[in-house]
1. List every residue pair whose Cβ atoms lie under 8 Å apart, where the two residues are 6 or more positions apart in sequence or sit on different chains, the first residue falls within the stretch 8-29 and is closer than 17 Å to Tyr75 by Cβ and in a helix (DSSP H, G or I), and the second residue, located anywhere, is hydroxyl-bearing (Ser, Thr, Tyr) and at pLDDT below 75.
2. Looking at the stretch 41-48, is at least one residue at pLDDT 80 or above, part of a helix (DSSP H, G or I), surrounded by 11 or more Cβ atoms within 10 Å (Cβ to Cβ) and not small (Gly, Ala, Ser)?
3. Quick one: Cys67 ticks every box in (1) assigned by TED's automatic domain parsing to the domain that holds Ala97; (2) at pLDDT below 75 bar one, so which box is it?
Amino acid sequence: MRSLNKFGLRLRSLFFRRNVERELEAELRFHLDQLVEENVAAGIAADEARRLALLKIGGITQFQEECRDMRRVNYIDDLLRDLRYAARNLHRNPGFATLAVLIMALGIGTNTAVFSVVNAVLLKALSYRDPDRIVTLSNFSTGREAPTALSKQVSIPDFQDWHDQSSSFEAMAYYSSRERQWFGAPQPSTPESPA
């Protein structure tokens with residue numbers, strides 16, 4: 001119930017600002033007048049009683065700002081004020097406005113395109129029926145040197161043999177990449193002959 005009251009106050013503060021401000025000011029004046037009357041009743045002069053009451057409250061304007069902050073509508077006011085300021089500046093400089101809109105459109109379009117590619121390539125699962133059952137077969141170096149993590153490319157005859165003799169796989173496909181590793185001994189440099 002309490003949160004509904006706060007929400008209602010915030011809505012009133014947004015749409016009926018003048019009424020809420022008048023009510024707040026009247027309430028603060030009432031409290032100030034009460035403090036002044038208490039001070040006068042205590043035997044303090046009227047001017048001094050008012051000064052002491054203002055000191056106790058801490059300034060009416062400051063107290064009003066604190067009340068506005070508690071209603072949490074200042075950020076909406078600031079946003080609306082900033083939007084109005086931006087609209088006025090864009091209206092004064094239509095070339096700048098056009099450039100700003102084009103830059104924003106390019107930025108949004110670029111972000112959308114990049115996200116679409118990243119989503120399709122990295123985030124979404126493969127569009128196969130059972131992507132967790134897909135495997136890659138490769139040859140590993142066997143011989144005198146220790147097996148390495150770098151796989152050698154499968155030759156087409158090896159693939160055809162695996163395909164014809166395998167009963168473990170539903171289907172097999174072959175692909176080839178053009179990457180090659182070159183290992184060779186450095187060529188000895190030949191000294192130049194004198195001319």
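1. Taking only residues 6 or more apart or on different chains, the pairs are Val20/Ser13.
2. yes
3. The one condition Cys67 does not meet is (1).
For every residue, the table says whether it meets (1) under 30 Å from Ala173 (Cα atoms); (2) of a type in the set (Val, Ile, Thr); (3) not in a helix (DSSP H, G or I).
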| position | (1), (2), (3) |
| --- | --- |
| Asp82 | no, no, no |
| Leu90 | no, no, no |
| Ala100 | no, no, no |
| Asn111 | no, no, no |
| Leu122 | yes, no, no |
| Leu126 | yes, no, yes |
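The values are calculated or read from the model by the stated rules, or taken from the named source; none is laboratory data. These numbers come from a predicted model, not from an experiment. Cβ coordinates were reconstructed from backbone atoms using ideal geometry, including for glycine residues, and neighbour counts include every protein chain displayed.
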